[in-house]
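The values are calculated or read from the model by the stated rules, or taken from the named source; none is laboratory data. Note that this is a predicted model, so its numbers are computed, not measured. Positions of Cβ are generated from backbone atoms using ideal geometry, with glycine treated the same way; all protein chains shown enter the neighbour counts.
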């Protein structure tokens with residue numbers, strides 16, 4: 001992308017010579033201040049035809065070299081957090097069901113006070 005941006009900048013700079021040649025084509029005798037008209041034609045030609053190349057190159061280079069923004073990670077972190085909560089809840093549910101299957105009928109997984117061993 002840097003090479004492509006360099007090509008766009010080169011086209012924009014090459015446009016300075018093209019705009020100068022176009023400005024020389026302005027017929028003489030149209031206005032009293034011919035140099036001013038040629039300058040205006042030069043800048044308008046360059047701005048309309050070649051300045052967009054420079055703008056696109058600047059936008060590409062800016063997007064390549066700006067500091068990385070991690071704001072897109074926030075929704076991903078929330079999603080991961082919610083999924084991990086759900087997975088841990090399911091794991092607890094499955095382990096409780098497995099524990100209930102292992103106990104004889106009528107027994108709970110929490111011992112009664114009378115069933116506790118003496119300290």
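Conditions (1) modelled with pLDDT of 85 or more; (2) farther than 30 Å from residue 11 by Cα; (3) loosely packed, with under 10 Cβ neighbours inside 10 Å, marked per residue:
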| position | (1), (2), (3) |
| --- | --- |
| 70 | no, yes, yes |
| 80 | yes, yes, no |
| 99 | no, yes, no |
| 105 | no, yes, yes |
| 114 | no, yes, yes |
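Filter region 29-50 for residues that are touching a residue at least 12 places away in the same chain (Cβ under 8 Å), surrounded by 14 or more Cβ atoms within 10 Å (Cβ to Cβ) and not in a loop (DSSP other than H, G, I, E, B) and give the result.
Hits for region 29-50 are 38, 41, 42, 45, 46, 49.
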